[in-house]
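A short worksheet on the structure shown next.
The values are calculated or read from the model by the stated rules, or taken from the named source; none is laboratory data. Quick caveat, the model's predicted, so the values are computed rather than measured. We place every Cβ from the backbone using ideal geometry, glycine too, and count neighbours over all the protein chains shown. Please note that ligands, DNA and RNA were not included when accessible areas were found on the heavy atoms of the full protein model with its side chains. Shrake-Rupley method; radii C 1.70, N 1.55, O 1.52, S 1.80 Å.
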Amino acid sequence: MKLSVIGVGYLGAVHAASMAELGHEVIGLDVDARRIEQLSAGEAPFHEPGFAEILARGLASGRLHFTTDYADLADAEVHFLGLGTPQRADGFGADLSHLHAAVDSLAAVLPARDGAATLVVGKSTVPAGTARGLAESLERVDGVHLVWNPEFLREGFAVQDTLEPDRVVYGVRDPDAGGTEVEMLDAVYAQILEGGVQRLVMGFETAELVKVSANAFLATKISFINAMAELCEATGADVTDISRALGMDDRIGNKFLRSGVGFGGGCLPKDIRAFIASAEDLGAGQALGFLREVDAVNQRRRVRVVELAREMLGPLRGRRITVLGAAFKPDSDDVRDSPALEVASRLMASGAHVTVTDPEALANAERRIEGLVTEADASEALRGAELVLLLTEWREYRDLDPIATARLVAAPRIIDGRTVLTPRDWRAAGWEFRALGRPEAPVADHVPDPELALF
Ligand code: UDX
């Protein structure tokens with residue numbers, strides 16, 4: 001089938017290349033000419049495992065193209081909307097201006113198909129009610145149908161999540177009627193559906209709410225365990241044992257119960273805020289009052305890391321601190337609302353000499369924070385540190401050897417902000433080890449490493 005993907009940011013670019021991988025003819029559009037040039041040249045504009053490969057395959061097959069011109073979309077049967085819906089500058093709500101602008105530009109080329117069935121598929125995360133509003137204007141063009149088909153992909157697993165999703169959700173005007181829109185989208189996803197994936201058809205508003213409530217639930221799970229971490233800090237309990245014990249209950253499950261410096265990224269933080277704002281607009285604000293607390297717990301964890309640094313070092317001015325990680329999560333170069341970078345900024349504001357290292361995200365981090373000192377080589381970054389903060393759990397940081405690492409730093413002090421290190425191993429190698437929600441070692445646990453006496 002001939003498809004277009006409008007908005008080739010993270011979601012759209014992965015979707016476009018994945019659809020070409022399924023054998024469709026795909027044209028990706030963006031108003032950002034630089035991005036279109038990059039993608040057309042086979043350059044992945046972000047780090048995402050497997051994306052560069054499917055982009056290259058799509059381009060080589062001749063099935064994948066990119067453009068900045070809406071006129072090039074006129075003969076596509078299906079148009080996917082992959083526009084970003086960032087947080088508005090003036091509040092919590094979602095900024096839908098990119099989405100509306102794209103739909104207006106698309107509407108201008110749709111009549112070219114002269115009444116032949118054309119499908120528009122919304123993938124962006126939007127407040128409930130958005131799809132129905134867009135359908136009113138789009139479906140005025142003869143033969144045009146709208147489906148809201150939210151995307152649940154995770155960064156780092158984006159290709160896999162697109163080609164092998166847990167479930168596929170179609171939001172339609174009338175879920176009982178079935179109809180052309182369902183048949184057309186089934187045809188696009190035929191290979192995915194043949195694999196046995198559940199496909200759920202529901203009303204527009206329900207599909208929109210499925211997406212935002214899924215993100216709200218995940219954020220709540222993380223903030224729940226982080227709230228328990230706060231209680232652990234007040235009582236001397238260990239949050240990792242709480243996670244383990246809770247996770248063994250099938251009804252709770254062990255995923256998204258890893259405590260630490262909390263959630264960031266381009267989705268969870270802004271989506272829960274947009275959800276709060278849209279519930280308030282609908283007069284149902286009370287229903288989501290708890291999400292304000294979910295957000296607040298998450299913000300407090302970032303502040304707590306800085307407090308811990310102060311407890312370990314005293315005044316931070318002039319102290320040398322190395323931050324391991326800049327991306328909001330491993331296997332990504334995305335630094336949007338990254339907890340690691342916010343902590344680094346706060347430490348810098350307190351006068352500390354901060355060096356940030358990350359395997360993929362330093363260029364983006366430098367663009368985001370003026371004056372940020374970065375070092376790509378982790379060993380170099382660690383050299384001379386008086387305190388190390390692990391804030392993004394890249395494999396290579398989880399695997400750091402405490403004895404070898406101690407030889408690099410000026411003083412063996414570490415905060416595990418992602419609850420991934422084994423305190424006993426680090427303490428045995430002579431490190432002063434602190435983690436969020438985990439007890440400080442009793443003095444007797446501090447086993448000095450004889451090798452450290454050499455430094
Ligand atoms: C999220 C949703 O998972 C995805 O379904 C949706 O489509 C987009 O938003 P993503 O932003 O890629 O995906 O990140 P995710 O893997 O959900 O992690 C979000 C944040 O939570 C990261 O900062 C991560 O480090 C943190 N996290 C995750 C925890 O702090 N603890 C956990 O147990 C899990």
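Exactly one condition in (1) open to solvent by 40 Å² or more (accessible area, probe 1.4 Å); (2) modelled with pLDDT of 95 or more is not met by VAL354; state its number.
Status for VAL354: all satisfied but (1).
Just to check your reading of the model, which residue among ALA107, ALA56 is small (Gly, Ala, Ser), outside any loop (DSSP other than H, G, I, E, B) and farther than 29 Å from GLY133 by Cα?
Details: ALA107 fails: farther than 29 Å from GLY133 by Cα.
That would be ALA56, the only listed residue that is small (Gly, Ala, Ser), outside any loop (DSSP other than H, G, I, E, B) and farther than 29 Å from GLY133 by Cα.
Specify which of the listed residues (PHE275, PHE256) is within 16 Å of the ligand (Cβ to nearest atom) and at positive phi.
Numbers: PHE275 fails: at positive phi.
Going through PHE275, PHE256 in turn, just one is within 16 Å of the ligand (Cβ to nearest atom) and at positive phi: PHE256.
When the residues of the range 58-85 are filtered to those that are of a type outside the set (Ser, Thr, Tyr) and within 16 Å of GLU208 (Cα to Cα), which remaining residue is surrounded by the most Cβ atoms within 10 Å (Cβ to Cβ)? Spell out the reasoning first.
Start the filter on the range 58-85 by keeping residues that are of a type outside the set (Ser, Thr, Tyr), which leaves 58-60, 62-66, 69, 71-84.
Within this subset, residues satisfying the condition of being within 16 Å of GLU208 (Cα to Cα) are 80-84.
Working: PHE80: 29, LEU81: 25, GLY82: 26, LEU83: 26, GLY84: 17.
Checked the range 58-85; the qualifying residue surrounded by the most Cβ atoms within 10 Å (Cβ to Cβ) is PHE80.
Could you pull out the residue among LEU400, LEU389, LEU341 that is within 16 Å of the ligand (Cβ to nearest atom) and not in a helix (DSSP H, G or I)?
Details: LEU400 fails: within 16 Å of the ligand (Cβ to nearest atom); LEU341 fails: not in a helix (DSSP H, G or I).
That would be LEU389, the only listed residue that is within 16 Å of the ligand (Cβ to nearest atom) and not in a helix (DSSP H, G or I).
Which residues, taken from the range 364-383, are touching a residue at least 12 places away in the same chain (Cβ under 8 Å) and under 27 Å from ARG273 (Cβ atoms)?
Of everything in the range 364-383, those that are touching a residue at least 12 places away in the same chain (Cβ under 8 Å) and under 27 Å from ARG273 (Cβ atoms) turn out to be ASN364, ALA365, ARG368, ILE369, LEU372.
Testing ARG304 on (1) touching a strand residue (DSSP E or B) at 6+ places or on another chain (Cβ under 8 Å); (2) within 16 Å of the ligand (Cβ to nearest atom); (3) open to solvent by 30 Å² or more (accessible area, probe 1.4 Å); (4) in the same structural domain as GLY351 (by TED's automatic domain parsing), one condition comes back false. Which one is that?
Among (1) touching a strand residue (DSSP E or B) at 6+ places or on another chain (Cβ under 8 Å); (2) within 16 Å of the ligand (Cβ to nearest atom); (3) open to solvent by 30 Å² or more (accessible area, probe 1.4 Å); (4) in the same structural domain as GLY351 (by TED's automatic domain parsing), ARG304 violates only (1).
How many residues, within the range 188-220, are among the charged types (D, E, K, R) and buried (at least 19 other Cβ atoms within 10 Å of the Cβ)? Spell out the reasoning first.
Here is the first cut: in the range 188-220, the residues among the charged types (D, E, K, R) are 194, 199, 205, 208, 211.
Now drop any that are not buried (at least 19 other Cβ atoms within 10 Å of the Cβ), which leaves 208, 211.
Going through the range 188-220 one residue at a time, the tally reaches 2.
For the structure I just gave you, tell me whether ALA296 is more than 16 Å from the ligand (Cβ to nearest atom) and under 21 Å from the mean Cα position of the chain (by Cα).
Working: more than 16 Å from the ligand (Cβ to nearest atom): no; under 21 Å from the mean Cα position of the chain (by Cα): yes.
No, not satisfied.
Against the condition closer than 15 Å to LEU209 by Cα, acidic (Asp, Glu) and open to solvent by less than 30 Å² (accessible area, probe 1.4 Å), how does ASP271 come out, does it pass?
Details: closer than 15 Å to LEU209 by Cα: yes; acidic (Asp, Glu): yes; open to solvent by less than 30 Å² (accessible area, probe 1.4 Å): yes.
Criteria met by ASP271.
Hey, among LEU390, LEU382, LEU362, which residue is in contact with a Phe, Trp or Tyr (Cβ under 6 Å, 6 or more places away or on another chain) and either open to solvent by 30 Å² or more (accessible area, probe 1.4 Å) or not β-branched (Val, Ile, Thr) (or both)?
Values: LEU382 fails: in contact with a Phe, Trp or Tyr (Cβ under 6 Å, 6 or more places away or on another chain); LEU362 fails: in contact with a Phe, Trp or Tyr (Cβ under 6 Å, 6 or more places away or on another chain).
Exactly one of LEU390, LEU382, LEU362 is in contact with a Phe, Trp or Tyr (Cβ under 6 Å, 6 or more places away or on another chain) and either open to solvent by 30 Å² or more (accessible area, probe 1.4 Å) or not β-branched (Val, Ile, Thr) (or both), namely LEU390.
Does LEU231 satisfy the condition of being within 12 Å of the ligand (Cβ to nearest atom) and either without any contact (Cβ under 8 Å) to a residue 12 or more places away in the chain or over 25 Å from THR118 (Cα atoms) (or both)?
Values: within 12 Å of the ligand (Cβ to nearest atom): no; either without any contact (Cβ under 8 Å) to a residue 12 or more places away in the chain or over 25 Å from THR118 (Cα atoms) (or both): yes.
No, not satisfied.
Check GLU155 against each of (1) surrounded by 21 or more Cβ atoms within 10 Å (Cβ to Cβ); (2) at pLDDT 95 or above and name the one condition it does not meet.
Condition (2) is where GLU155 drops out.
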